[in-house]
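Inspection log for the structure reproduced underneath, given as structure tokens.
The values are calculated or read from the model by the stated rules, or taken from the named source; none is laboratory data. Since we're looking at a predicted model, the values are computed, not measured. Glycine gets a Cβ as well: all are built from the backbone with ideal geometry, and neighbour counts include every protein chain shown. Please note that ligands, DNA and RNA were not included when accessible areas were found on the heavy atoms of the full protein model with its side chains. Shrake-Rupley method; radii C 1.70, N 1.55, O 1.52, S 1.80 Å.
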Amino acid sequence: MSVTGVRKGGLTQRNVVQTAMFRDFSDDRWILTAQCLMLLNLVAMTRAFALVSLIEFMLWCLFLFYSPLRRAFVESFSDIRIKFVFAFWGWVAIATLWSPADYALRFEEVWSWRKLLLFPMAWVLFRDARLKRAVVFTLSATAGIYMVFSWGGHLGYLSLDRPPSDLLENHATQGVVFTSVSLLMLIMLKTERLSMWMKLALCLLIVGMVTNIIYVLTGRTAYVSLLLLAVYGAWLVASRLRWLSAATVFVVISLALYNSDTAKSRVAQGLNEFEATISGEAEAYSSMGIRWVFWENTLKMIAEKPLLGSGSGGFSQDYANFVADIEGWRSIVTDDPHQQYLLIAAEQGLIGLGIFMAGLMVMVISRGDNNNRSCALGILILTATNGMFQGHFGAFVEGRLFWILMGVLLCSTDPMRTWKDVNFKFFEQFCRGSGLHRSRTKVD
């Protein structure tokens, strides 16, 4: 159910504000307020963390007390994809029952997943195509500003309050945001009839963000993100010889990263730290070395409590007990093994991990609205892959970016209300072609 045309007392024919800035936004002031707050949240989450809390509190109040929004929110739960996401959050809450942590840590673990509420909120607020474009333009402008300032600081033209590679939270976050937004802009260039000036602006933003990742950023996650989405984007937008286009882009990006002193040194450093830790030669703490230790110990913890895990919020306490007899830097205690799936399995058990992975899978097999589905699949592939090295699904910025975009992009795909709506022939169709098509709407 779309709330774009909702008025007090029920649904009316779709009626929108006809100003240039708010075209296709709802003419209901409370729904318009919610839509604007969600867009503002995408901007604020990059830096203004306190403002994000205020914005989301206001969104909760709107969805709780304004009946059209409340009804649309409840109705969205008829879709299996939203049910699975909240089944996972429910299991996180249930897993507090056997956690050894104090009640504050248990609550904090459950509360940290409140960003999942943004998924159904975005689902009901941004069903119309022009509203989705408003999300893309908001993200493009925000990321573009960070990109310009990052380059300005890197080239010495601007004095920044932090390193150019960490301007947007940190180098991993900056890389994820830049690659995700670049994919959204690339598919918009392919599918929308844009003015020449708009095409030029989007192309410049994409080039600026991609080169920023290659030559400015120091995050290895950013390099992985770029390789993944550059290849995926090339495959999507190519009209012919898709696999050749994807392979060519992979080679070009790989060579660019190899010729970047920053990227090459960071990748080599990471591989050397891994090798030294695995071989047992590492005598001191290193960023990648300690991650390998975290992963090894977490796997052993999972083996001891496979089904239910340590309980929500109990990871750090169980991990501390596990390494109590170990000496040196390998005994460092953490509350995050820097691997999303290991963290979930360790705290909520394989049951929790199974629910979480099932939720991602039903998103993958979404059908209909090929353009937005293709964007969603790319963002999902990126976040799921980075989950092997980070906790991006639950991170403050990356997590909000992911769950909001999933709501925005998937809400216009075919409904999945029963298992009869789940079609597992998606992969066969995906291999045949992307299905991207050009919209008839011109955006000036």
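Below is a table of values for the structure above.
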{"quantity": "Checklist (1) under 30 Å from Ile187 (Cβ atoms); (2) part of a helix (DSSP H, G or I); (3) open to solvent by 60 Å² or more (accessible area, probe 1.4 Å); (4) not polar (S, T, N, Q) applied to Glu296, failing item", "calculated": "(1)"}
{"quantity": "Qualifying residues in region 351-388 (those that are of a type in the set (Ser, Thr, Tyr) and assigned to a helix (DSSP H, G or I)) - the one surrounded by the fewest Cβ atoms within 10 Å (Cβ to Cβ)", "calculated": "Thr385"}
{"quantity": "Residue ID - most open to solvent (accessible area, probe 1.4 Å), chosen from residues in region 38-66 that are in contact (Cβ under 8 Å) with a residue 40 or more places away in the chain and of a type outside the set (A, V, I, L, M, F, W, C)", "calculated": "Arg47"}
{"quantity": "Residue in region 246-255 that is touching a residue at least 24 places away in the same chain (Cβ under 8 Å), buried (at least 19 other Cβ atoms within 10 Å of the Cβ) and out of contact with any Lys or Arg (no Cβ under 9 Å at 6 or more places or on another chain) present", "calculated": "yes"}
{"quantity": "Residue within region 232-239 that is closer than 18 Å to Pro164 by Cβ and out of contact with any strand residue (DSSP E or B) (no Cβ under 9 Å at 6 or more places or on another chain) present", "calculated": "no"}
{"quantity": "Which listed residue is among the aromatic types (Phe, Trp, Tyr), farther than 30 Å from Ile187 by Cα and out of contact with any Cys (no Cβ under 7 Å at 6 or more places or on another chain), from Tyr341, Tyr319", "calculated": "Tyr319"}
{"quantity": "Total residues in region 28-37, condition among the hydrophobic types (A, V, I, L, M, F, W, C) and open to solvent by less than 10 Å² (accessible area, probe 1.4 Å)", "calculated": "2"}
{"quantity": "Filter result for the condition that a residue is open to solvent by 50 Å² or more (accessible area, probe 1.4 Å), without any contact (Cβ under 8 Å) to a residue 24 or more places away in the chain, assigned to a helix (DSSP H, G or I) and farther than 14 Å from Leu42 by Cα, over Phe149, Phe137", "calculated": "Phe149"}
